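Written out below as structure tokens is the structure these notes cover.
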Amino acid sequence: MFNRGSLCGLPFLCLSSLMAHPRSLGKMVNMVRIHAYKSGIFQLFDVDRIDLSKMKEYLLSAGFVITHTEHV
């Protein structure tokens, strides 16, 4: 349902990952990236727009603090 990318928190790693695998860029359409913290650790979650509300609900119930959401 979703992918967690702890290393993808650094912008240049995300960019280099997309440049290395250009086909993955097409998979990012209609995706939402959620920026969240739990116990001081930053994590990114890439979620399909349809699953966004369920994912936000899950993260909040699991103790995450959502700081930013961006539509990709």
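Every read-out reported here was derived from the displayed coordinates using simple, explicitly stated rules and does not represent laboratory data. What you are looking at is a predicted structure, and each value in this text was computed from that prediction instead of being measured. Quick reminder, even Gly has a Cβ in these numbers, built from the backbone with ideal geometry, and neighbours come from all protein chains shown.
Details
- Spin-label pair Tyr37/Leu52, simplified geometry with 7 Å Cα→Cβ offset, distance in nm: 2.3 nm
- Whole-Hz couplings from phi, Karplus 6.51/-1.76/1.60, listed for the range 58-63; x for Gly and Pro: 5, 4, 5, 6, 8, x
- Length added when fully stretched, Asn30-Thr67, from 0.36 nm per residue minus Cα-Cα: 11.3 nm
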